[in-house]
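Colleague: Quick one: structure below, then a few questions.
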Amino acid sequence: MVNRVGQQLGNYRLIRSLGRGGQAEVYLGEHRYLQSYAALKVLLTSLDDQRVEQFLAEAQTLVRLAHPSIVRVLDFTVEQGTPVLIMDYAPAGTMRHRYPAGTSLSLITVVSSVSQIAAALQYAHSHNVIHRDVKPENLLLGPQGQILLSDFGLAVLAPSPESIGNQALMGTIPYMAPEQLHGHPSFASDQYTLGVITYEWLCGKRPFTGPEWPLIYPVCHASSSATAEPCGPCERGSGGAACPLQESARAVREYTGVCVWARPC
(Lines give C-alpha, C1' and ligand atoms only; values in the text may rest on other atoms or scores of the structure.)
Protein backbone atom coordinates (compact mmCIF):
# COMPACT_ATOMS: atom_id res chain seq x y z
CA MET A 1 0.00 0.00 0.00
CA VAL A 2 1.40 3.40 -1.04
CA ASN A 3 1.00 6.15 1.54
CA ARG A 4 0.32 9.30 -0.46
CA VAL A 5 0.08 11.68 2.51
CA GLY A 6 2.18 14.75 1.73
CA GLN A 7 1.95 14.28 -2.04
CA GLN A 8 0.54 16.90 -4.39
CA LEU A 9 -2.32 15.86 -6.70
CA GLY A 10 -3.37 18.67 -8.97
CA ASN A 11 -3.85 21.74 -6.79
CA TYR A 12 -4.31 19.69 -3.61
CA ARG A 13 -1.79 18.58 -1.00
CA LEU A 14 -2.86 15.34 0.68
CA ILE A 15 -3.06 15.91 4.45
CA ARG A 16 -4.31 12.60 5.81
CA SER A 17 -6.03 9.37 4.85
CA LEU A 18 -9.81 9.23 5.21
CA GLY A 19 -10.19 5.57 4.29
CA ARG A 20 -9.42 2.80 1.86
CA GLY A 21 -11.59 0.28 0.06
CA GLY A 22 -11.14 -2.39 -2.55
CA GLN A 23 -11.23 0.06 -5.45
CA ALA A 24 -9.92 3.35 -4.04
CA GLU A 25 -8.17 5.35 -1.36
CA VAL A 26 -9.66 8.59 -0.05
CA TYR A 27 -7.59 11.47 1.30
CA LEU A 28 -8.30 14.85 2.81
CA GLY A 29 -6.64 17.47 0.63
CA GLU A 30 -5.98 21.19 1.03
CA HIS A 31 -6.07 23.47 -2.01
CA ARG A 32 -2.68 25.08 -2.49
CA TYR A 33 -4.12 28.53 -3.26
CA LEU A 34 -7.59 28.68 -1.72
CA GLN A 35 -6.76 26.85 1.54
CA SER A 36 -10.08 25.02 1.15
CA TYR A 37 -10.53 21.30 1.83
CA ALA A 38 -11.80 18.49 -0.35
CA ALA A 39 -11.92 14.70 -0.36
CA LEU A 40 -9.72 13.18 -3.06
CA LYS A 41 -10.68 9.70 -4.21
CA VAL A 42 -7.67 7.98 -5.76
CA LEU A 43 -8.90 5.01 -7.78
CA LEU A 44 -6.69 1.93 -7.50
CA THR A 45 -6.25 1.31 -11.19
CA SER A 46 -4.03 2.41 -14.05
CA LEU A 47 -5.61 3.64 -17.26
CA ASP A 48 -4.26 3.47 -20.79
CA ASP A 49 -4.92 6.35 -23.19
CA GLN A 50 -8.24 4.93 -24.37
CA ARG A 51 -9.51 4.36 -20.84
CA VAL A 52 -8.33 7.84 -19.80
CA GLU A 53 -10.62 9.33 -22.44
CA GLN A 54 -13.51 7.18 -21.19
CA PHE A 55 -12.83 8.19 -17.57
CA LEU A 56 -12.75 11.89 -18.44
CA ALA A 57 -16.01 11.62 -20.37
CA GLU A 58 -17.77 9.78 -17.53
CA ALA A 59 -16.30 12.13 -14.90
CA GLN A 60 -17.81 15.07 -16.75
CA THR A 61 -21.21 13.47 -16.20
CA LEU A 62 -20.53 13.17 -12.46
CA VAL A 63 -19.49 16.82 -12.21
CA ARG A 64 -22.88 17.77 -13.68
CA LEU A 65 -24.80 15.80 -11.02
CA ALA A 66 -26.30 18.47 -8.75
CA HIS A 67 -28.65 17.05 -6.12
CA PRO A 68 -29.03 17.82 -2.39
CA SER A 69 -28.48 14.14 -1.52
CA ILE A 70 -25.40 13.56 -3.68
CA VAL A 71 -21.86 14.52 -2.71
CA ARG A 72 -20.72 17.08 -5.26
CA VAL A 73 -17.81 16.17 -7.53
CA LEU A 74 -15.74 19.35 -7.85
CA ASP A 75 -13.06 18.27 -10.28
CA PHE A 76 -11.19 15.27 -11.67
CA THR A 77 -7.75 14.53 -12.99
CA VAL A 78 -5.49 11.71 -14.10
CA GLU A 79 -2.04 11.62 -12.49
CA GLN A 80 0.39 9.33 -14.32
CA GLY A 81 -2.47 7.06 -15.40
CA THR A 82 -4.17 7.08 -11.97
CA PRO A 83 -7.69 8.59 -12.00
CA VAL A 84 -8.62 10.96 -9.17
CA LEU A 85 -12.03 12.38 -8.27
CA ILE A 86 -12.11 15.56 -6.16
CA MET A 87 -15.26 15.85 -4.05
CA ASP A 88 -16.82 17.94 -1.30
CA TYR A 89 -15.51 16.94 2.13
CA ALA A 90 -18.18 15.72 4.58
CA PRO A 91 -16.51 15.67 8.03
CA ALA A 92 -19.52 14.22 9.91
CA GLY A 93 -18.68 10.68 8.82
CA THR A 94 -20.80 7.89 7.34
CA MET A 95 -24.00 6.06 8.18
CA ARG A 96 -21.87 3.01 9.02
CA HIS A 97 -19.92 5.09 11.53
CA ARG A 98 -23.09 6.48 13.11
CA TYR A 99 -24.89 3.13 13.11
CA PRO A 100 -22.33 0.28 13.43
CA ALA A 101 -23.05 -3.18 12.05
CA GLY A 102 -25.72 -4.93 14.11
CA THR A 103 -27.68 -1.75 14.84
CA SER A 104 -31.43 -1.65 14.20
CA LEU A 105 -32.78 1.78 13.30
CA SER A 106 -36.18 3.22 14.12
CA LEU A 107 -38.80 2.99 11.40
CA ILE A 108 -38.93 6.79 11.12
CA THR A 109 -35.17 6.94 10.57
CA VAL A 110 -35.27 4.14 7.99
CA VAL A 111 -38.10 5.74 6.01
CA SER A 112 -36.42 9.15 6.00
CA SER A 113 -33.00 7.74 5.09
CA VAL A 114 -34.26 5.42 2.34
CA SER A 115 -36.32 8.23 0.81
CA GLN A 116 -33.24 10.46 0.57
CA ILE A 117 -31.10 7.71 -0.96
CA ALA A 118 -33.85 6.76 -3.40
CA ALA A 119 -34.19 10.37 -4.55
CA ALA A 120 -30.43 10.56 -5.12
CA LEU A 121 -30.38 7.29 -7.08
CA GLN A 122 -33.40 8.28 -9.15
CA TYR A 123 -31.64 11.52 -10.07
CA ALA A 124 -28.44 9.68 -11.00
CA HIS A 125 -30.41 7.16 -13.05
CA SER A 126 -32.13 9.99 -14.91
CA HIS A 127 -28.61 11.00 -16.01
CA ASN A 128 -27.82 7.39 -17.06
CA VAL A 129 -25.48 6.82 -14.11
CA ILE A 130 -25.56 3.48 -12.25
CA HIS A 131 -23.85 3.76 -8.87
CA ARG A 132 -22.93 0.05 -8.51
CA ASP A 133 -21.65 0.27 -4.91
CA VAL A 134 -24.32 1.68 -2.60
CA LYS A 135 -23.61 0.66 1.02
CA PRO A 136 -23.65 2.36 4.45
CA GLU A 137 -19.94 3.19 4.15
CA ASN A 138 -20.73 5.26 1.03
CA LEU A 139 -23.57 7.20 2.64
CA LEU A 140 -22.09 10.34 4.17
CA LEU A 141 -23.71 12.72 6.64
CA GLY A 142 -24.19 16.38 5.78
CA PRO A 143 -24.01 19.36 8.14
CA GLN A 144 -27.76 19.17 8.91
CA GLY A 145 -27.67 15.40 9.30
CA GLN A 146 -28.93 14.72 5.80
CA ILE A 147 -27.66 11.71 3.88
CA LEU A 148 -25.27 12.29 0.99
CA LEU A 149 -24.70 9.54 -1.56
CA SER A 150 -20.99 9.30 -2.31
CA ASP A 151 -18.43 7.09 -4.03
CA PHE A 152 -19.39 7.07 -7.69
CA GLY A 153 -15.95 5.63 -8.50
CA LEU A 154 -17.36 2.43 -10.01
CA ALA A 155 -19.76 4.46 -12.12
CA VAL A 156 -16.84 6.00 -14.01
CA LEU A 157 -14.92 2.73 -14.21
CA ALA A 158 -17.66 0.52 -15.66
CA PRO A 159 -16.03 -2.52 -17.29
CA SER A 160 -15.55 -2.36 -21.03
CA PRO A 161 -17.01 -5.32 -22.99
CA GLU A 162 -13.57 -6.85 -23.61
CA SER A 163 -12.67 -6.76 -19.89
CA ILE A 164 -16.01 -7.73 -18.38
CA GLY A 165 -14.73 -11.14 -17.31
CA ASN A 166 -12.03 -9.61 -15.15
CA GLN A 167 -14.06 -6.74 -13.70
CA ALA A 168 -17.58 -8.15 -13.33
CA LEU A 169 -17.34 -8.30 -9.54
CA MET A 170 -16.51 -4.66 -9.02
CA GLY A 171 -18.65 -3.72 -6.05
CA THR A 172 -19.31 -5.07 -2.56
CA ILE A 173 -20.54 -8.66 -2.71
CA PRO A 174 -22.98 -8.69 0.27
CA TYR A 175 -24.87 -5.78 -1.31
CA MET A 176 -24.68 -6.78 -4.97
CA ALA A 177 -27.71 -7.79 -7.02
CA PRO A 178 -27.70 -11.16 -8.83
CA GLU A 179 -27.44 -9.56 -12.28
CA GLN A 180 -24.49 -7.44 -11.10
CA LEU A 181 -22.73 -10.57 -9.86
CA HIS A 182 -23.23 -11.92 -13.38
CA GLY A 183 -21.62 -8.78 -14.81
CA HIS A 184 -24.80 -7.06 -16.03
CA PRO A 185 -25.62 -4.21 -13.63
CA SER A 186 -28.68 -2.08 -14.34
CA PHE A 187 -30.59 0.74 -12.65
CA ALA A 188 -32.56 -1.94 -10.81
CA SER A 189 -29.28 -3.24 -9.33
CA ASP A 190 -28.99 -0.06 -7.27
CA GLN A 191 -32.58 -0.57 -6.14
CA TYR A 192 -31.81 -4.14 -5.04
CA THR A 193 -28.85 -2.84 -3.05
CA LEU A 194 -31.06 -0.27 -1.34
CA GLY A 195 -33.40 -3.16 -0.44
CA VAL A 196 -30.50 -4.97 1.25
CA ILE A 197 -29.61 -1.80 3.19
CA THR A 198 -33.25 -1.33 4.22
CA TYR A 199 -33.40 -4.90 5.49
CA GLU A 200 -30.15 -4.43 7.41
CA TRP A 201 -31.35 -1.22 9.07
CA LEU A 202 -34.69 -2.76 10.05
CA CYS A 203 -33.36 -6.10 11.27
CA GLY A 204 -29.84 -5.30 12.45
CA LYS A 205 -28.26 -7.71 9.97
CA ARG A 206 -28.03 -8.29 6.25
CA PRO A 207 -30.29 -10.94 4.63
CA PHE A 208 -27.18 -12.94 3.64
CA THR A 209 -24.21 -13.19 6.00
CA GLY A 210 -20.90 -15.02 6.14
CA PRO A 211 -17.70 -15.10 4.05
CA GLU A 212 -18.09 -13.20 0.80
CA TRP A 213 -17.57 -15.93 -1.79
CA PRO A 214 -20.04 -18.43 -0.24
CA LEU A 215 -22.57 -15.57 -0.34
CA ILE A 216 -22.61 -15.53 -4.12
CA TYR A 217 -24.75 -18.66 -4.53
CA PRO A 218 -27.69 -17.59 -2.31
CA VAL A 219 -27.60 -14.04 -3.67
CA CYS A 220 -27.59 -15.24 -7.29
CA HIS A 221 -30.63 -17.37 -6.53
CA ALA A 222 -32.46 -14.69 -4.53
CA SER A 223 -34.25 -13.16 -7.49
CA SER A 224 -35.74 -16.47 -8.60
CA SER A 225 -36.93 -17.47 -5.13
CA ALA A 226 -37.81 -14.11 -3.61
CA THR A 227 -41.52 -14.32 -4.34
CA ALA A 228 -41.88 -17.77 -2.72
CA GLU A 229 -39.26 -17.98 0.03
CA PRO A 230 -38.99 -15.65 3.03
CA CYS A 231 -35.80 -13.77 3.78
CA GLY A 232 -33.84 -14.61 6.88
CA PRO A 233 -35.55 -14.17 10.26
CA CYS A 234 -36.05 -10.62 11.43
CA GLU A 235 -36.93 -10.44 15.11
CA ARG A 236 -38.69 -7.08 14.73
CA GLY A 237 -41.31 -8.63 12.48
CA SER A 238 -42.93 -6.94 9.52
CA GLY A 239 -46.57 -6.82 10.49
CA GLY A 240 -47.45 -8.86 7.43
CA ALA A 241 -45.52 -6.63 5.04
CA ALA A 242 -43.18 -8.16 2.51
CA CYS A 243 -39.45 -8.06 3.23
CA PRO A 244 -37.69 -5.16 1.45
CA LEU A 245 -35.30 -7.60 -0.24
CA GLN A 246 -38.20 -9.66 -1.61
CA GLU A 247 -39.89 -6.53 -2.90
CA SER A 248 -36.65 -5.27 -4.43
CA ALA A 249 -35.86 -8.58 -6.15
CA ARG A 250 -39.39 -8.71 -7.54
CA ALA A 251 -39.11 -5.11 -8.72
CA VAL A 252 -35.97 -5.91 -10.70
CA ARG A 253 -38.25 -7.69 -13.14
CA GLU A 254 -40.82 -4.85 -13.04
CA TYR A 255 -38.52 -1.85 -12.70
CA THR A 256 -40.29 1.51 -12.88
CA GLY A 257 -37.95 3.65 -10.76
CA VAL A 258 -36.34 3.46 -7.36
CA CYS A 259 -38.48 6.30 -5.96
CA VAL A 260 -41.63 4.32 -6.79
CA TRP A 261 -40.25 1.33 -4.87
CA ALA A 262 -39.20 3.48 -1.88
CA ARG A 263 -42.47 5.40 -1.59
CA PRO A 264 -44.12 4.72 1.81
CA CYS A 265 -47.45 2.91 1.62
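The values are calculated or read from the model by the stated rules, or taken from the named source; none is laboratory data. Note that the structure is predicted; figures quoted are calculated from it, not measured. Please note: Cβ atoms are built from the backbone with ideal geometry, for glycine as well, and neighbour counts cover all protein chains shown.
Colleague: For TYR89, indicate whether it is closer than 18 Å to ASP190 by Cβ, hydroxyl-bearing (Ser, Thr, Tyr) and either outside the structural domain of ALA24 (by TED's automatic domain parsing) or in contact (Cβ under 8 Å) with a residue 60 or more places away in the chain (or both).
Modeller: On the way: closer than 18 Å to ASP190 by Cβ: no; hydroxyl-bearing (Ser, Thr, Tyr): yes; either outside the structural domain of ALA24 (by TED's automatic domain parsing) or in contact (Cβ under 8 Å) with a residue 60 or more places away in the chain (or both): yes.
Spelling it out, it is not the case that TYR89 is closer than 18 Å to ASP190 by Cβ, hydroxyl-bearing (Ser, Thr, Tyr) and either outside the structural domain of ALA24 (by TED's automatic domain parsing) or in contact (Cβ under 8 Å) with a residue 60 or more places away in the chain (or both).
Colleague: Could you list, in sequence order, all residues of region 14-27 that are among the aliphatic types (A, V, I, L, M) and modelled with pLDDT under 90?
Modeller: Step one: filter region 14-27 for residues among the aliphatic types (A, V, I, L, M), giving 14-15, 18, 24, 26.
Correct list: ALA24 only.
Each row is one residue, and each column tells you yes or no for (1) under 12 Å from the mean Cα position of the chain (by Cα); (2) in a helix (DSSP H, G or I).
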| position | (1), (2) |
| --- | --- |
| PRO68 | no, no |
| LEU105 | no, no |
| GLN122 | no, yes |
| ILE130 | yes, no |
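Colleague: Out of (1) under 25 Å from ILE173 (Cα atoms); (2) among the hydroxyl-bearing types (Ser, Thr, Tyr); (3) assigned by TED's automatic domain parsing to the domain that holds ALA39; (4) in contact with a strand residue (DSSP E or B) (Cβ under 6 Å, 6 or more places away or on another chain), what's the single condition that is false for THR82?
Modeller: (4) is the only condition that THR82 fails.
Yes/no per residue for (1) charged (D, E, K, R); (2) in contact with a helix residue (DSSP H, G or I) (Cβ under 7 Å, 6 or more places away or on another chain):
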position	(1), (2)
LYS41	yes, yes
ARG51	yes, no
LEU62	no, yes
ARG72	yes, no
ILE86	no, no
THR94	no, yes
GLY102	no, no
VAL110	no, yes
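Colleague: Which of the residues belonging to region 33-66 are more than 23 Å from GLN7 (Cβ to Cβ), under 18 Å from the mean Cα position of the chain (by Cα) and among the small types (Gly, Ala, Ser)?
Modeller: ALA66
Colleague: Going by the conditions given, is GLU30 modelled with pLDDT under 95 and either loosely packed, with under 13 Cβ neighbours inside 10 Å or not assigned by TED's automatic domain parsing to the domain that holds HIS125 (or both)?
Modeller: Values: modelled with pLDDT under 95: no; either loosely packed, with under 13 Cβ neighbours inside 10 Å or not assigned by TED's automatic domain parsing to the domain that holds HIS125 (or both): yes.
The answer is no for GLU30.
Colleague: Now for a different question. Among the residues of region 97-152, write down those that are β-branched (Val, Ile, Thr) and free of Cβ contacts under 8 Å to residues at least 60 places away in the same chain.
Modeller: If we filter region 97-152 for residues that are β-branched (Val, Ile, Thr), which is where we start, we get 103, 108-111, 114, 117, 129-130, 134, 147.
Within region 97-152, ILE108 is the sole residue that qualifies.
Colleague: Here's a follow-up. If the requirement is being of a type in the set (Val, Ile, Thr) and buried (at least 16 other Cβ atoms within 10 Å of the Cβ), which of these qualifies: VAL52, VAL73? Outline the logic, then answer.
Modeller: On the way: VAL52 fails: buried (at least 16 other Cβ atoms within 10 Å of the Cβ).
VAL73 is the lone residue from the list that is of a type in the set (Val, Ile, Thr) and buried (at least 16 other Cβ atoms within 10 Å of the Cβ).
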